[in-house]
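A quick write-up on the structure given underneath.
Read-outs: derived from the displayed coordinates by stated rules, not from any lab. Just so we're clear, the structure is a prediction, and the values are computed from it rather than from any experiment. A quick note on method: Cβ atoms are made from the backbone with ideal geometry, for glycine too, and the neighbour counts reach across all protein chains shown.
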């Protein structure tokens, strides 16, 4: 890691710990977002409250126990979402998801489910192990704590999802 990158990570870490900057370093504890995010990856959580759309990675409180979880927004209010033989469909159209291994979900069917206005339907990229909106339903958009766009350690890089 370059000196500039180390300086940036330290600045974000100190700034987020003191509440001075709207960013926070977060360690990924599980493999529900693999291969996009692996256990032990560190990401920057952006607390600035920007609008989210399909494909974004968001952090929300788990509706089951309140712990913070990272999931991908796959559908928004007004969308019809479903999974047909492992293929995510939104409004009846298959979604290109290069980050999701469809072979692990072969034979899986869900929905179609209408997403209520003001809510987000969230899935983990590693669908075979992810506990997500299929289990706890769509979450209020107002529950989004922040978005995740950058992984800083150990594999620095952007986490761009598909266009929404």
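Reported to the nearest whole Å, the Cα centre-to-centre distance from the range 38-84 to the range 85-142 is 12.
Note on residue 104/residue 48: beta-carbon distance plugged into 1/(1 + (r/R0)^6) with R0 of 35 Å gives a FRET efficiency of 0.55. Between residue 117 and residue 65, residue separation times 0.36 nm minus the direct Cα-Cα distance comes to 16.3 nm.
Subtracting the Cα-Cα distance of residue 150 and residue 80 from 0.36 nm times their residue separation leaves 22.3 nm of extension gain.
Which whole-number percent of Cα pairs in the range 51-158 have a distance greater than 16 Å? Of all Cα-Cα distances in the range 51-158, 57 percent exceed 16 Å.
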